[in-house]
1. Take the conditions part of a loop (DSSP other than H, G, I, E, B), surrounded by 18 or more Cβ atoms within 10 Å (Cβ to Cβ), at pLDDT below 95 and not acidic (Asp, Glu) and apply them to PRO47. Does it pass?
2. Scanning for something touching a helix residue (DSSP H, G or I) at 6+ places or on another chain (Cβ under 7 Å) and either closer than 21 Å to GLU197 by Cβ or among the charged types (D, E, K, R) (or both), does the stretch 143-155 turn up at least one residue?
3. So ASN74 passes all but one of these: (1) more than 19 Å from the chain's Cα centre (by Cα); (2) at positive phi; (3) polar (S, T, N, Q). Which condition number does it fail?
4. Restricting the stretch 1-44 to residues that are among the acidic types (Asp, Glu) and either part of a loop (DSSP other than H, G, I, E, B) or within 16 Å of the chain's Cα centre (by Cα) (or both), which is farthest from ARG198 (Cα to Cα)?
5. Please name all residue pairs, on different chains or six or more residues apart, with Cβ atoms under 9 Å, provided the first residue is in the stretch 18-43 and is open to solvent by 70 Å² or more (accessible area, probe 1.4 Å) and the second residue is assigned to a loop (DSSP other than H, G, I, E, B).
6. Kindly indicate the residue of the stretch 81-109 that is of a type in the set (Val, Ile, Thr) and within 18 Å of ASP56 (Cα to Cα) and also surrounded by the fewest Cβ atoms within 10 Å (Cβ to Cβ) among those meeting that condition.
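The values are calculated or read from the model by the stated rules, or taken from the named source; none is laboratory data. Please read all numbers here as calculations on a predicted model, not as lab measurements. All Cβ positions, even for glycine, are placed from backbone atoms using ideal geometry, and neighbour counts span all protein chains on display. Side chains are part of the model used for accessible areas, which takes the heavy atoms of the whole protein and leaves out ligands, DNA and RNA. Shrake-Rupley method; radii C 1.70, N 1.55, O 1.52, S 1.80 Å.
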Amino acid sequence: MSTLLVLDTSPRQDSVSRQLTRKFVSEWTTSNPNGTVLHQDIGVNPPAHLDDELIDALRRNPETINQYQSKAINASDTAIEEMALADMIVIGAPMHNFTITGPLRTWIDHVARPGKTFGYGENGPEGLLNDKPVYILSTRGGQYGDGDPDQPHPADFQSGYLRHIFGFMGIQSLSIIAANGMDMGDEPRAAGIDEAERKIEAIFAA
């Protein structure tokens, strides 16, 4: 039985990225009627920002931890377990100030943990997660391309970072589906959404 992990990272309930994750889940569920969907709304319920106590808990594993640290460790462990369990991951990721949202950045701080999702060997860093398809549904106010690593847009600091950090944890199969023009008027907005939805449909049409 297949498992899909869904992350919504927009703080807005009416965001286009949420519209696209719903579209993705609908297409995936049609193709996997007996599958399981795990959903985390970190846009509304983000993990706590790392501070000195949480760095101690997540990075240095103190022998004695307080309730605040214990809660963060449990949430981080659960997030990592869901990543490991999932056969596919989809992330609704609005481009905020040319990069990722604050909640998504904080979630990454909680799942990128030494000894859990990455380590260091004789040849340097090693990802500890098994590779799997990850789809980033990126909504963009302007025209910033489709995240093509061979033709990157100079203002797109989102795509390269997400490819690198997921690759650092062992997940290399990451694809960007971009909806451009969200703040450029009705026609570009509709065209951007339509293009992204068609690309989502194409994933499951094969």
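1. Values: part of a loop (DSSP other than H, G, I, E, B): yes; surrounded by 18 or more Cβ atoms within 10 Å (Cβ to Cβ): yes; at pLDDT below 95: yes; not acidic (Asp, Glu): yes.
Here the answer is yes, as PRO47 does meet what is asked.
2. Yes - at least one qualifying residue is present in the stretch 143-155.
3. Against the list (1) more than 19 Å from the chain's Cα centre (by Cα); (2) at positive phi; (3) polar (S, T, N, Q), ASN74 comes up short only on (2).
4. To start, the set of residues in the stretch 1-44 that are among the acidic types (Asp, Glu) comprises 8, 14, 27, 41.
Right, trim to either part of a loop (DSSP other than H, G, I, E, B) or within 16 Å of the chain's Cα centre (by Cα) (or both) and you get 8, 14, 41.
Values: ASP8: 20, ASP14: 20, ASP41: 24 Å.
Among those that are among the acidic types (Asp, Glu) and either part of a loop (DSSP other than H, G, I, E, B) or within 16 Å of the chain's Cα centre (by Cα) (or both), it is ASP41.
5. Once the first residue is open to solvent by 70 Å² or more (accessible area, probe 1.4 Å) and sits in the stretch 18-43, its partners that are assigned to a loop (DSSP other than H, G, I, E, B) give ASN34/MET1; ASN34/SER2.
6. Let us first name the residues in the stretch 81-109 that are of a type in the set (Val, Ile, Thr), namely 89-91, 99-101, 106, 108.
The next check asks that each one be within 18 Å of ASP56 (Cα to Cα); those that pass are 106, 108.
Numbers: THR106: 17, ILE108: 19.
By that ranking, first place goes to THR106.
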